[in-house]
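Only the coordinates and a few stated rules stand behind these numbers; no lab work does. Keep in mind that what you see is a predicted model, and the values were worked out from it rather than measured. Note that we place each Cβ from the backbone using ideal geometry, even for glycine, and neighbour counts take in every protein chain shown.
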Amino acid sequence: MIVETLARAGLGVVLAIGLGACNTTIRGTGDMGLIVERASSSIQVVETSNLTPLYQVAGLGDLSHASAVFSRDGRYAYLFGRDGGLSKIDLLQGRVTKRVVQAGNSIGGAISQDGSMVAVSNYDPGGVRIFDAESLTLLADIEARDAPDDPRSKVVGLVDAPGQRFVFSLYDSGEIWVADMSDPRDPQVTRFEDVGVQPYDGLITPDGRYYIAGLFGEDGIVLLDLWDLEAGPRRILDGYGRGEEPLPVYKMPHLEGWASAGDVLFLPAVGRHEVLIVDRRSWREVGRIALQGQPIFAVARPDGRQVWVNFAHPNNDAVQVIDVVSRRVIKTLKPGKAVLHMEFTPRGEQVWISARDDDRVKVYDTQSFAERAALPAEKPSGIFLTARANRIGL
C-alpha cells in the first residue's frame with residue numbers, strides 16, 4: 001500500500017525518501033565539487049555557497065596526478081588516478097559507487113558529449129580505454145600503435161569533442177588521433193602522423209572547434225581544426241623561443257589551463273617567465289606578459305576579464321593576476337607553499353587555490369582579492385567543481 005502511494009506521488013517523492021533514508025540532505029549539485037588529497041588517497045567533497053567541506057572519501061589509490069570529470073547532472077565524479085584507477089563517486093552520498101583499475105599508469109580522462117562514456121588516457125600500457133559511464137564496463141580499447149607488434153604510445157591531451165568524439169595526442173610517435181564514438185563498440189579513428197616531436201599535452205577551445213597540442217621536443221604548437229579535418233594539422237607559434245637563451249624547464253605547463261579571453265588566448269611559455277598572447281583569428285602571437293616565474297596554469301575568470309597564473313618551483317608560493325584589458329599584472333598573492341591548482345566558481349566571484357605544502361585550500365574574492373576562507377586539506381592538489389559538467393573539454 002505504501003509503495004503504491006509513493007508510485008502515484010511520483011519519482012520526486014521516492015527520491016526524497018531514498019535520500020532521507022541515507023541521512024543525506026536533499027540538495028542540488030551545482031555548487032559542489034571535490035578537492036584531491038594526493039598524499040592520503042582521498043578527496044574532499046565541498047560546496048562553494050558556504051565554503052564548507054561535506055565528506056571525505058578515502059581508498060582511491062595513487063592520486064599524485066589525479067583529475068576528474070562529472071556526469072551531465074553533476075551528481076557523479078569520475079576520478080582518474082595515476083595508478084590506472086577509475087573511480088565513480090556519488091557526490092550527494094559521499095561514497096564510491098564503482099572503481100576499476102584499468103591500467104598500470106594513467107594520466108587523465110574525459111567524458112563524452114552525451115555523458116554516456118568515460119575515456120581514460122594511459123601511459124602503461126599506452127592508448128585510450130573507453131567505459132560505459134553507468135557501469136564502468138569496458139566498451140573499447142584504442143591501442144595507439146601503428147602495427148600489432150609495435151609498442152603502444154603514451155597518450156596525453158585527451159579531450160571530449162562535439163560529435164561524440166575524443167581527441168588525443170600520442171607522445172611517443174608524434175601523432176594526433178580523433179576517435180568517433182558514435183558506435184561505442186566500433187570506434188572510427190582518424191590519424192594525423194608526424195605532427196611534431198613529443199606532444200606533451202593538449203586542449204580544446206571552449207567552442208569545441210580547435211584542438212591544440214604543445215610540443216616538448218621542439219618550439220611550437222600544433223593546431224587541428226575539428227570542423228575541417230581534411231585540412232589536417234598545422235603549426236603555429238613556430239620557434240617562439242628562437243634566438244633567446246633557453247631556461248631550464250622545472251615543470252611543464254598544463255595546456256588545459258590555457259586561458260581563452262575574448263579573441264585571444266593566454267598561453268604559458270615553456271621554460272620562460274612569461275605568457276604568450278595569441279590572436280584566435282590568425283593564430284599569431286600578438287604580445288607577451290612578463291611574470292615572476294615559469295607559468296604552469298594560466299586560467300581565465302569565467303567573464304574573461306582576468307587571467308590567474310601559478311608557477312613552477314622556486315616561485316610556486318605565488319599567484320599573479322593579469323588584467324586582460326591592460327594586459328599587465330595587477331596583483332601578486334601568496335596563498336602558500338606549492339600552489340598546484342586554481343578553480344573558479346561558475347560565475348567567477350571566487351577562486352579556490354590549493355597550497356599543497358601548507359595543507360590548505362585558500363578561497364579568494366576575485367574582485368577585492370580578499371581571502372574568504374582557508375580550508376584544511378591533506379596535501380591538496382587538483383580542485384574540480386561540478387560546473388565543468390557543462391563545459392566542452394573539461
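Using the crude model of +1 on Lys and Arg Cβ and -1 on Asp and Glu Cβ, and no other charge, please compute the dipole size for the chain relative to its Cα centre, in debye to 20.
Approximately 1200 debye in magnitude.
Return the whole-Å distance between the Cα centroid of segment 127-147 and the Cα centroid of segment 259-295.
34
Quick one: Ile111, Ile26, fewest Cβ neighbours within 10 Å first, how do they rank?
Ile26, Ile111
Can you give the direction-averaged projected area of the convex hull of the alpha-carbon atoms in the chain, in nm²?
Mean shadow area of the hull around the Cα atoms is 20.4 nm².
Over the Cα atoms of segment 284-394, what Rg and Dmax result, in angstrom?
13.6, 43
Any idea what log10 I(q)/I(0) is at q = 0.17 Å⁻¹ for segment 35-102, Debye with uniform C-alpha scatterers and no solvent?
Values returned for q = 0.17 Å⁻¹ are -0.54.
With springs only between Cα atoms under 10 Å, which of Leu375, Leu340, Leu91 fluctuates most in a Gaussian network model of the chain?
Leu375
For a test of understanding, tell me how many lysine pairs in the chain have Cα atoms under 25 Å apart, given they are 8 or more places apart or on different chains.
16
Report the charge-dipole magnitude of segment 150-193 in Debye, nearest 20, computed about the Cα centre from +1 at each Lys and Arg Cβ and -1 at each Asp and Glu Cβ.
The calculated dipole for segment 150-193 is roughly 100 debye.
Using the count of nearby Cβ atoms within 10 Å as a rough guide to exposure, how do Ile130, Ile330 rank from fewest to most?
Arranged by neighbour count, lowest to highest, Ile130, Ile330 become Ile330, Ile130.
Could you work out how far apart the two model spin labels at Asp62 and Ala290 are, taking each label as a point 7 Å from the Cα in the direction of the beta carbon, and quote it in nm?
4.1
Starting from 0.36 nm per residue, how many nanometres of slack lie between Arg72 and Asp279 once their C-alpha separation is accounted for?
Difference between extended and current length: 71.4 nm.
Counting other beta carbons within 10 Å of each Cβ, put Ser381, Ser116, Ser182, Ser67 in order, fewest first.
The order, fewest Cβ neighbours first, is Ser182, Ser116, Ser381, Ser67.
With r defined as the distance between the Cβ atoms of Asp323 and Leu223 and R0 fixed at 22 Å, what FRET efficiency is calculated, to the nearest 0.05?
Result of the calculation: an efficiency of 0.25.
Search the structure for amide H atoms under 5 Å from the amide H of Gln113, placed 1.01 Å from N in the peptide plane, and list their residues when 5 or more places away or on another chain.
Amide H neighbours of Gln113, under 5 Å, 5+ apart: Ala161, Gln164, Arg165.
For Gly127, what charge total do you get from the other residues with a beta carbon under 14 Å from its beta carbon, if Lys and Arg give +1 and Asp and Glu give -1?
Neighbourhood net charge equals -2.
Pop a pseudo-label 7 angstrom from the Cα along the beta-carbon direction at both Lys98 and Asn50 and give the gap in nm to one decimal.
So the two model labels end up 3.2 nm from each other.
Just to verify a number: FRET efficiency for Thr190 and Phe369, C-beta to C-beta distance, R0 = 41 Å, to 0.05?
With R0 = 41 Å, the Cβ-Cβ based efficiency is 0.35.
Counting each DSSP H run of 4 or more residues in the chain as -39500 (n - 2.57), what helix-only mean residue ellipticity at 222 nm follows after dividing by all residues, to the nearest 500 deg cm²/dmol?
Only helices count here, giving -1500 deg cm²/dmol.
To the nearest 20 Debye, how big is the dipole of segment 269-394 about its Cα centre, given +1 on the beta carbon of each Lys and Arg and -1 on that of each Asp and Glu?
With only Lys, Arg, Asp and Glu charged at Cβ, the dipole is about 380 debye.
Between Arg391 and Asp114, what length in nm is gained on full extension when 0.36 nm per residue of separation is reduced by their alpha carbon distance?
Extra length from Arg391 to Asp114 when fully extended: 98.5 nm.
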